[in-house]
Structure formats: C-alpha cells, structure tokens
1. Treating cross-link reach as a plain straight distance, find the aspartates and glutamates whose alpha-carbon is under 15 Å from the alpha-carbon of Lys475, omitting any fewer than eight places away in the same chain.
2. Students often forget the sequence filter, so: which aspartates and glutamates lie under 12 Å Cα-Cα from Lys74 once same-chain residues fewer than 8 apart are removed?
3. What number results when the radius of gyration of region 40-125, computed over Cα atoms, is divided by 2.2 N^0.38 Å?
4. Just from its helices, what would the mean residue ellipticity at 222 nm be for the chain, if runs of 4 or more DSSP H residues each count -39500 (n - 2.57) and the sum is divided by every residue, rounded to the nearest 500 deg cm²/dmol?
5. Given C-alpha coordinates of the chain, what is the ratio Rg to Rh with the Kirkwood estimate of Rh?
6. Near Lys345, which lysines are there with a Cα under 16 Å away, not counting those fewer than 8 places off in the same chain?
7. Measure of size requested: the Rg and Dmax of region 364-446, with Cα atoms as the atom set and Å as the unit; please supply both.
8. I need the peptides 286-297, 25-36 ranked by packing, meaning the mean over residues of other C-beta atoms within 10 angstrom, with the highest value on top.
Amino acid sequence: MGAVFWTVWLRIGRLTKAGSAASVHSIAVLPLENLSGDPSQEYFADGITDALITQLAKLPGLRVISRTSIMQYKNSRRPLPDIARALSVDAVVEGSVSRSSNRVRVTAQLVDARADRHLWAEEYDRDLRDILTLQSELARDISEQVRANISSGQLRVGAVEPAAYESYLRGRSFWNQRTPAGLNQAIGHFQRAIELDPGYAEAYSGLADAYTALGYTSFSSPRDAFPRARELANKALGIDPSLAEARASLAYARLYYDWDWEGAEQEFQRAIAVNPNYATAYHWYSVLLTARGRHEEAFSEIRRAHELDPLSVSISTDMGFELYYARRYDQAITQLRSVLQTSPKFPLAHLWLGRAYEQKGMYREAITEFEQAGTSLKDWPVIIAAAGHAYGRWGHRSDAMMALRRMNELTKEEYVTPYGLAVIFAGLDDKEEAMSWLQNAYEDRSHWLVWLNLDPRFDNVRSDPRFQELLHRVKF
C-alpha cells in the first residue's frame, strides 16, 4: 500500500508541472487529513491546517477562506468542485499530516477546483523543531503556484520547542470550542507552551485570545479578563509585530475595557493591514463601527468578513445583531431566521431574534426564542436578562421578578454583569434601580456599556441626566 501511495504522489508531481494557476485569486485550505493512525492527533493536523491558512492569508491579492468555514468539510467526501462553489473559490489545497515521534511529514496538493485539475503537489519531511520553517516553505511554494508574492518578512521561520508547539496546538483546539470549560483548558495549554518556550509569540497571542473570549462572553469579569488580554497581546506583539490575532485582541481590550474608541479602531486597521484575510478582524471591527453608530461602514466590514468566512454562523448571526442595533428590526428578523434555517440550535441567533421580536412587540415569540437559546446555554445571565426585560415590557411582572431572583442566585456561583440587572429593571420601568445598576456596571467596567448609546431597552431612561453623564464617561 505504501508503494501505491508514493507512486500516486510521484505521478501527480509529474503530471502537474504543466499546470498553471495564473488565474487563481481565491483559495481554500481543506482540513489536512491525520494519517498518524492515532485519533488523538487530530488537533495536530488541524493546527497545521490553521497555520497554513494564517500564512497564506498574508498574501496580497489572494482571498483565503477562514478556518470556521473550511472545518465544516473535515472528513467530507464531497467533490472538490462542489466545495469550491460553496466557498466561492478558484482553487483548493488538500493533503495530509503524519507524525512519528519528533518527525512530521506533510503532503499537499493544489487543485484547480473549477476544472478538478491537479496543479501541483509536494511533500515535506522535517524535525518537529523546524515546524515553523516547514509551514513557511509550504506557504511559499503555494504562493509561487498562484503567482502571489510573499516577502521573507511575512514568513515564519526558526525553531520552536516541540513540546511547546504541541501545547499551543492543544490550546487552540480548546479555544475553538468557545465554552467556559474549553477556554479554561486552553489557558492551561497556552501557559504550558510559554513555560516551555518563553519566546513563543503565538502562545502569548493564544492566551490573549482566550482571556478576550472569556471577557466578551461575560464568562469572566471584565477586570479579570481584559487587562490580562491586553498585557498578553502586547507581549506577543513585542516578540512578533506581525501577529494579526494579537492586534485584534488588543483592539478588543481597548474597545471593551478602556473605551478607547480611536485606539481600538487603529489596532483593528493594523490587524487588517498585516493580514488582509483575517475574517475575525473585519468582524470585530464591524462591531466597533456598529457601537459608534457608523452602520453603513459596519455592514461593509462584516460583509467582507462573510466573504472570507462564508459558513461562519457567528458572522451570519452578528449581521442580524448589527441590524438590530441599527433598529432595522424587520431586516434583523429576516437575517436571523435565515441563520436558524441552517443552524437551528445556534443559541445566539435565537437570542438576537428574540430581542428583535421584543422590539416589534412580539413578546410571546421573543420568549420562545429566549427559551430556545437557554436550552444550549442554560442559566447564562445574558439570556435571563433578555427574558426578564421582555416579561417586564409584556406586563408579566411576576416572571420578570423571577428572572431577577435567578440572577441574584447566580451571583453567588459565577460572574453576573450588573448591566443585565439594569436591563431587567428597565423592563419593569423601575428607572431608579435601572440607573443604580448601570452605575454598578460602570464601576465594574462592564463591556456591555459600549452598547449603551444604542440599546433600545434603555430608551425609557435615556433622557435622564444621569444616563447622559454615563454616556459621557464611557466616552461617547
């Protein structure tokens, strides 16, 4: 069987020398197959895939599909032309990873997916310590095939401690789950990578990403999450200024914790300049633009994110979220219903659809959506607050008070943002309590305050001088 494998690869190499990729302007790197024979090594193959996407994403003039979309084709047997059409790309990279002790072998081939024609194939066999150089050589070779220019400064070269690299990949694998347990496990792996290799910039960047995610999901308090994320992002950038992920995490901390609107915008723009294919940077930048009321600019940026990550449920949901904050409720409902047609259990789509329904006065439908969201994210204070506000507006005072009691119970077990309590009191039209809890949210540095200028749930206290003063303090 091994002889057959090598014959196939040699034959591909010979046949593709005449191939031409001059018209390739967009590309997708499909998940590399794990040929180690050990299912526990899936994280390693996925990590190599991520690294290759990151390297190619720096190429000017080449659109590279992001991880979220391509991972949906892991272990897929769909024909390559079908995948290419779904992702709107010209070419596809596919291949495999095998590992034995501290040796790693990567095979890759470039396919013109429109004609299902092989253009190029190569194999790389290296010591694990040289994995960064291997990834750079692979990215360089593919860039040459698609006639893109990649500078030496854009390539990651050098050695990395093998155990540190493994810990980093495990950390990214857990980070991609975006759950409290997954993020906390990711933190442990990133910290281990740093202990093993204190100069490993990507490990600091990964740790910054993990604390950023804990902060913006409200799984951790802002004071615990965002300053740590900022510190780690700066550490990563001090080692390697070209890390777009670290710049985006730094921008998020400046936005959500420092309320430094101009500084955050500059960092997002720098992240995009460093990696023009980093969908997350466009996505998060659109969030900032939405919060500032620059809606048309925001829609433009999130559309770009969607082009780079067309199957991302998060991006598609946040298109609805941004329409909600623009008070285009009918359009938000249409967008979020569309998301739920393909991802019926995605909790955030249910959450934002419920909030849009509430603003239309469709309270029964809103509560149904909040209940759906709660089946996946049980006892998440953000959902409880949304439901409590809707019950209050609907006139179901006892249900709103029940939501308040549950929020108070949860404060004994986990972090609960004061902003959520303010939301429920606003729904009950208790303006004094709403303003009191908003003041607590300010003292807590709640990241939800960046939405204070737009959140329609506070329209009944918006004319209060204390509310206007709070807007000023959040630097609106």
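1. Answer for Lys475, where 15 Å is the Cα cut-off: Asp258, Asp260, Glu262, Glu265, Glu443, listed by chain and number.
2. Glu33, Glu42, Asp46, Glu94
3. With N residues counted in region 40-125, Rg over 2.2 N^0.38 Å equals 1.11.
4. Details: 22 runs with 290 residues, N = 476.
-19500 deg cm²/dmol, from helical runs alone.
5. Value, to two decimals: 1.01.
6. Answer for Lys345, where 16 Å is the Cα cut-off: Lys378, listed by chain and number.
7. Just the Cα atoms of region 364-446 yield Rg and Dmax of 12.0, 34 Å.
8. Result, highest mean Cβ count within 10 Å first: 25-36, 286-297.
Where a number appears in this text, it was derived from the coordinates with a stated rule and is not lab data. Note that this is a predicted model, so its numbers are computed, not measured. With ideal geometry, Cβ positions are generated from the backbone for all residues, glycine too; neighbour counts draw on all protein chains shown.
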